[in-house]
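Chemist: Starting off with a structure, shown below.
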Amino acid sequence: MTPIQAHLASSLAATATVVDGIASEQWGQPSTCEEWTVRQLTEHLVGGCALTASVLAGQDSRARPEYADVPDAELAAALRPASAAITEAVSSPGALEKIVRVGFGPVPGAVAARLCLVEAIVHGIDLARSTGQVVDFDAAAVDEALAFSAPMMTQLPPGRSPFKPSTSVADEAPAIDRLLALLGR
């Protein structure tokens with residue numbers, strides 16, 4: 001298993017455990033992502049994982065699958081097969097080198113995979129915080145997400161950031177804290 005495949009698998013599994021732990025009364029409550037409820041954030045995460053899996057597998061998919069009409073339990077269950085599809089697609093020959101189209105345009109497969117890694121970690125934490133759960137991610141996966149995200153944030157055009165402004169945190173803070181601060185959490 002390649003490092004990115006292992007990082008995706010462990011991070012998506014940790015996040016799936018959080019999604020599995022969402023209580024029925026929590027789906028409609030606000031999430032820590034101000035514009036979304038817990039359910040909408042989960043739809044975003046599952047849709048992004050499904051999209052990433054399909055483009056890495058060579059399908060020309062330009063839109064996230066929609067989960068708005070899927071019952072809560074089916075939405076929660078949809079994350080695990082999408083996660084398995086991503087880790088399988090990442091391991092296919094040439095998947096990380098080829099150019100794939102994601103929501104904002106064409107990128108190398110390695111970028112799409114790492115975007116998914118960042119989403120799994122950050123939204124896993126968002127969902128855990130929103131539902132009173134605790135999640136723990138593999139330190140190497142968090143290190144990779146941080147190493148990928150830091151230079152990417154400088155490449156975002158003004159006004160196009162999908163994140164809140166970065167906050168400050170000590171340089172010696174744990175990598176997870178530095179990643180969350182970088183992404184405005």
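Chemist: Which helices, taking whole DSSP H runs in the chain, have alpha carbons extending 15 angstrom or more along the helix axis plus mean Kyte-Doolittle at least -0.5? Walk me through the numbers before you get to the answer.
Modeler: Details: long enough: 3-20 (25 Å, 0.82); 38-56 (27 Å, 0.85); 72-91 (30 Å, 0.59); 109-131 (32 Å, 1.00); 139-153 (21 Å, 1.07).
Those that clear 15 Å and a mean of -0.5 are 3-20, 38-56, 72-91, 109-131, 139-153.
Chemist: Hey, another quick one. Report the full-extension gain for the segment VAL70 to GLU88: residue separation times 0.36 nm, less the Cα-Cα distance, to one decimal in nm.
Modeler: Values: separation 18, 0.36 × 18 = 6.48 nm, distance 2.46 nm.
Fully extending the segment from VAL70 to GLU88 adds 4.0 nm.
Chemist: Could you work out how far the C-alpha centroid of the stretch 84-126 sits from that of the stretch 1-47, in angstrom?
Modeler: 16 Å
Chemist: With the contact rule set at Cα under 8 Å and sequence spacing of 6 or more, what percent relative contact order holds for the chain?
Modeler: Working: 264 pairs, mean separation 48.4, N = 185.
Result for the chain is 26 percent.
Chemist: Taking the beta-carbon count within 10 Å as an exposure proxy, list CYS49, CYS33 from fewest neighbours to most.
Modeler: Fewest-to-most Cβ neighbours within 10 Å comes out as CYS33, CYS49.
Chemist: Take the Cα coordinates of the chain, assign each an equal point scatterer, and use the Debye formula without solvent to give log10 I(q)/I(0) at q = 0.09, 0.13 Å⁻¹.
Modeler: -0.29, -0.64
Chemist: Could you order the peptides 5-12, 114-121, 125-132 from most to least packed, using the average number of other C-beta atoms within 10 Å per residue? Intermediate values should be presented prior to the final figure.
Modeler: Values: 5-12: 22.2, 114-121: 24.5, 125-132: 19.6.
Taking the mean over residues of other Cβ atoms within 10 Å, the ranking is 114-121, 5-12, 125-132.
Chemist: I've got another one for you. Counting Lys and Arg as +1 and Asp and Glu as -1, what is the net charge of the other residues whose Cβ lies under 11 Å from the Cβ of LEU180? All intermediate terms of the calculation are to be shown ahead of the outcome.
Modeler: On the way: positive: ARG129, LYS164, ARG178, ARG185; negative: ASP126, ASP177.
Neighbour charge sum, excluding LEU180 itself: +2.
Chemist: Next question. For the pair GLU97/THR17, report the inter-label distance in nm, with labels modelled 7 Å from Cα in the Cβ direction.
Modeler: 3.6 nm
Coordinate-derived values only; no laboratory data. In this text the structure is predicted, and so the values were computed from the model without any measurement. Here the Cβ is made from the backbone with ideal geometry for all residues, glycine too, and neighbour counts use every protein chain on show.
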